[in-house]
Structure formats: structure tokens, C-alpha cells
Amino acid sequence: MEKALAIFDTDELYAERLAEYINDTSGDSGLQAVAFTDENHLAEYLKTESAGFVLCTEEVADVSAFEKSCEHIFRLSCAPPPEKDQYTISKYQSAEQIIKK
């Protein structure tokens, strides 16, 4: 069964490259990444599609609008995440490290 991974970041190149890398390397895992650079487009997508995971930039002030539409929400942070915060991912890790987390 395929699960969707919605990626939201205002840096279009970053979001698209991360989605492309995930789609190219996910193999048989059944994970399909979709990139968004506009928060409203992501919200519209989540109204009709169920995402297993959402990666969103720190710029999203209120993630509660996404919580009903997905299983897990992770924040992409420019700063290193706090050690015990399992829901924040550093943007400056390699795409491979992000997938592992």
C-alpha cells in the first residue's frame, strides 16, 4: 500500500529535490513524496488526500490544520533539532539521513 509524504517548504528547489530523491530511492517501500511551496496548496491537498507523513518548514505557525489529515507531522528546521525532539528534522542533513529518521 502506497503512503504519501507531503513536503512543504518555501524553498522550491529544496522541496522538489527532496521529493525527487525520496521517490527515486523509496523502491518497494510504497512511499510517494509530493512537494509543496505554498501552505494553502498543501492544505487543499490534505483535504482530498490522506498523507502518512508531512514534513513542513518551521514557517508554518499552526500545524493543527494538518493533524487530522496525516499520521505524523515533522518539522524541517534550519537549526539542529533538540536531542529529545523526535518530530524536528534538520534541513541540512542529507536526504538519506532524513529518510532514516
Pairwise label distance in nanometres, ARG17 with GLU71, each label 7 Å out on the Cα-Cβ vector: 2.9 nm
- prompt: Between ALA43 and THR10, what is the label-to-label distance in nm when each label sits 7 Å out along the Cα-to-Cβ direction?
  reply: 1.6 nm
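Bear in mind that the values in this text are calculations on the coordinates, not laboratory data. Remember, it's a predicted structure, so these values are computed and weren't measured experimentally. Counting neighbours? That spans all protein chains shown, and the Cβs are built from the backbone with ideal geometry, glycine included.
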